[in-house]
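The structure under discussion appears below in the form of structure tokens.
The values are calculated or read from the model by the stated rules, or taken from the named source; none is laboratory data. All of these numbers come straight from a predicted model, not from anything done at the bench. The protein model used for the area step is the full one, side chains on, heavy atoms only, and it has no ligands, DNA or RNA in it. Shrake-Rupley method; radii C 1.70, N 1.55, O 1.52, S 1.80 Å.
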Amino acid sequence: MEMTPQQALALYRATGSAVLVRDWPDLTQRQLAILLDVYLSAPPHTVRGLAEKLGISKPAVSRALDRLGQLEFAKRKIDETDKRSILVQRTVKGSVFLREFGDLVSAVARDL
């Protein structure tokens, strides 16, 4: 299904409103973009790689990962093959959140 820009914005607005009425954590756009990239693209994921892919600084990725780690949506681990590199890994709690988020987006899209 192809959407017009106006329809896409309506979906974005309606999804944002639907998220607000749920007891979900308040994620920034940066945090959500990082979380989606970690879950929707093949691993491994590194802080450096996420920064390059998303066009943001490594410290910005680290700050976002701090919050995602607090929420247990993602975790960091030292790469055993390169001790200087930090791997970003998925968690069960993050998978459940994104599944519910995806279901919500689908439901909102159907209702529009």
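Full extension of the chain between VAL92 and LEU32 gives 20.0 nm of extra length, using 0.36 nm per residue less the Cα-Cα distance. Counting lysine pairs in the chain whose alpha carbons fall under 19 angstrom apart, excluding pairs fewer than 8 residues apart on the same chain, gives 7. Using a cutoff of 8 angstrom between alpha carbon atoms and counting only pairs six or more residues apart, the relative contact order for the chain works out to 27 percent.
With a 1.4 Å probe and all protein chains left in place, how much accessible area per residue does the chain have, in Å²?
On the way: 7560 Å² over 112 residues.
Ligands and nucleic acids excluded, the figure is 68 Å² per residue.
With the largest listed first and rounded to whole Å, the semi-axes of the equivalent ellipsoid of the chain from the Cα gyration tensor are 29, 15, 12. What a 1.4 Å probe finds exposed on the chain is 55% carbon and sulfur by accessible area, rounded to a whole percent.
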